[in-house]
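Here the structure is laid out as structure tokens; the discussion comes afterwards.
Please treat every number below as a calculation from the coordinates, not as lab data. Everything quoted here is computed from the prediction, not taken from an experiment. Every residue, glycine as well, gets a Cβ built from its backbone with ideal geometry; the counts of neighbours run over all protein chains shown.
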Amino acid sequence: MELENMYTQFGVSPAVYRYGEEILRGLQARFDAIDQTAEYNQAKVLFAMQKNRVNAAHFAATTGYGYNDVGRDNLERVYADVFHTEAALVRPQITCGTHALTVALSANLLPGDELLSPVGAPYDTLEEVIGIRESKCSLREYGVTYAQADLKSDGSFDLDAIREKINSRTKLITIQRSKGYATRPSFSVAQIGELIAFCKQVKPDVKVMVDNCYGEFVERLEPSDLGADMVVGSLIKNPGGGLAPIGGYICGTKECVERCAYRLSAPGLGQEVGANLGLMPAFYQGLFLSPTVVAGALKGAIFAANIYERAGFSCIPNASEDRHDIIQAVTLGSREAMVAFCKGIQAAAPVDSYVTPEPWAMPGYDAEVIMAAGAFVQGSSIELSADGPIRDPYAVYFQGGLTWYHAKLGILMSFQKLLNAGLAHLPA
Ligand SMILES: *Cc1c(COP(=O)(O)O)cnc(C)c1O
């Protein structure tokens, strides 16, 4: 078998290759459904690009102030059309997802206002942004308070608690779509829509922001289709399609997005400034490729869950669950197994494949962290990557893959490394 021999070059044994093929035979219907969603989202992106008459002039680099940057301005119209919003801010000057969320929050909350998370604790890095953990320049330092309604023990929304927490000062509600590194489930867009409707019924003028990181193009609808005033994310995750080397986006109402632009640059300047530095081709083409890239990452996540669950490891989401983001957690149960898993992912990479990942004491974490990433864009997690804190339950979070075939190879190599180390067994 040609393909089997090819995999052997990477150290994947014929037995592991065949185990993968057997798993795949059971996944065809789900892969077909993912392809159909990708086809739908491809058409959505394409239609937005055609409507806005994208042409070569939009790919020109600008420098300096970036006044009259037609490529940048048009890209923002394209994003607004893709997410069905009035406006969008899509910029290389937004350095990462946390920065995009910070801009959205700090632009739309004033001293005396309260921010509410109705879905439990937010993503780790937002703790300092909000001031849950003390930090210079946190929202808290500026007189913005924070309230939180935790999820019920089954992961559902605690509507009574949420109603109780909404008060006269509640200005903005933040909903995180993906579970991130928490153990709760990720939310479907439909669930988020119901939550938005509930919050707006309790307080009609409240604004809702959705942290959309890792969720873009996983479904046909986005939270902005169901009432979110802002959706926010990173361009080195899903919507950058692997090509954007930096950046973030905020799509939403004109009112909210204009404030975000004033916050990002300066009051009065707003969206008028901000040179594109030659990144427009990557931003447009990355968005164009994103639905397909996300489909590949989703297939990889489902394949991983099936490979590992059948071998006796618990997976979140499990092998058969619907997907609402591209993240796959696999509970490996030991430090050694986490290291072996990450070694396999690293060894499958196009970049830095010869590097051996080691656990290290990363600033801001209370345990050592291991990471595998051999990416074209540093830190990009739409590219095949895995990481996790070395502590009970010893779970790795696995995501990305610019192509399904690469994700497949990485997963097979990770499993092979566990087998080689005697930390897993091939199911009969
Ligand atoms: C990645 C992520 C962020 C933060 O993005 P960075 O680009 O790492 O700053 C915020 N929220 C969620 C849910 C994420 O997955």
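What the table below lists for this structure:
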| read-out | value |
| --- | --- |
| The stretch 76-128, Rg to Rh (Cα coordinates; Rh as Kirkwood inverse mean 1/r) | 1.02 |
| Rel. contact order, % - alpha carbon contacts under 8 angstrom, at least six apart, the chain | 17 |
| The chain: antiparallel DSSP beta bridges as a percent of all, rounded to 5 | 60 |
| Acute angle (nearest 10 degrees) that the helix 280-310 long axis makes with the longest principal axis of the chain, alpha-carbon atoms | 50 |
| For the stretch 198-331: relative contact order, % (alpha-carbon pairs under 8 angstrom, 6 or more apart) | 22 |
| Ratio of the Cα radius of gyration of the stretch 58-287 to 2.2 N^0.38 Å, where N counts its residues | 0.98 |
| Helical mean residue ellipticity (222 nm; -39500 (n - 2.57) per DSSP H run of 4+; nearest 500) of the chain | -12500 deg cm²/dmol |
| Between helix 335-347 and the chain: long-axis angle, C-alpha atoms, 0 to 90°, nearest 10 | 80 |
| 26 Å Cα-Cα threshold exceeded, pairs from Lys44/Lys200; Lys44/Lys171; Lys44/Lys254; Lys136/Lys171; Lys203/Lys237; Lys299/Lys343 | Lys44/Lys200; Lys44/Lys171; Lys203/Lys237 |
| Whole-angstrom gap from the stretch 265-316 to the stretch 97-164, using each part's C-alpha centre | 24 |
| Karplus-derived 3J(HN,Hα), 6.51/-1.76/1.60, for each residue of the stretch 228-238, Hz, glycine and proline x | 5, 7, 8, 10, 9, x, 9, 7, 9, 10, 3 |
| Charge dipole (debye, nearest 20) of the stretch 209-262; +1 at Cβ of Lys and Arg, -1 at Cβ of Asp and Glu | 160 |
| Helix 14-25 axis, angle to the chain major axis (alpha carbon atoms, nearest 10°) | 50 |
| Local net charge near Ile345, Cβ-Cβ under 10 Å (Lys/Arg +1, Asp/Glu -1) | +1 |
| Alpha-carbon radius of gyration plus Dmax, which is the widest Cα pair, for the stretch 368-428 in Å | 12.7, 39 |
| Euclidean distance of C-alpha centroids, the stretch 226-261 and the stretch 383-428, integer Å | 30 |
| Spacing of the two label points (7 Å from each Cα toward its C-beta) at Phe47 and Arg310, in nm | 3.8 |
| Distribution of pairwise C-alpha distances over the chain, 10 Å bins, in % | 5, 22, 31, 26, 14, 3, 0 |
| Dipole of the chain, positive end: most advanced residue of Val144, Tyr397, Val377 [Cβ charges, Cα centre] | Val377 |
| DSSP bridge pairs, the stretch 58-287: antiparallel proportion in percent, nearest 5 | 40 |
| Extreme residue, positive dipole direction of the chain, given options Gln271, Ala15, Pro350 (C-beta unit charges) | Gln271 |
| q = 0.23, 0.29 Å⁻¹: log10 I(q)/I(0) that the Debye formula gives for the stretch 228-291, counting C-alpha atoms only | -1.01, -1.13 |
| Computed magnitude of the charge dipole of the stretch 58-287 (debye, nearest 20; Cβ of K, R +1, Cβ of D, E -1) | 180 |
| Cβ-based net charge around Arg30, under 11 Å, with every Lys or Arg adding one and every Asp or Glu removing one | -2 |
| Positive dipole terminus of the chain, leading residue within Val202, Ala340, Ile246 (C-beta point charges) | Ile246 |
| Student exercise, the chain dipole from Lys, Arg, Asp, Glu Cβ charges, in Debye to nearest 20 | 260 |
| Extension gain from Trp360 to Thr125, taking 0.36 nm per residue of separation minus the Cα-Cα distance | 82.7 nm |
| Order by protection proxy (mean Cβ within 10 Å, highest first), peptides 178-187, 154-163 | 178-187, 154-163 |
| Loop-located GluC sites (Glu not before Pro) in the stretch 292-391, at most 16 other Cβ atoms within 10 Å (DSSP) | Glu321, Glu368 |
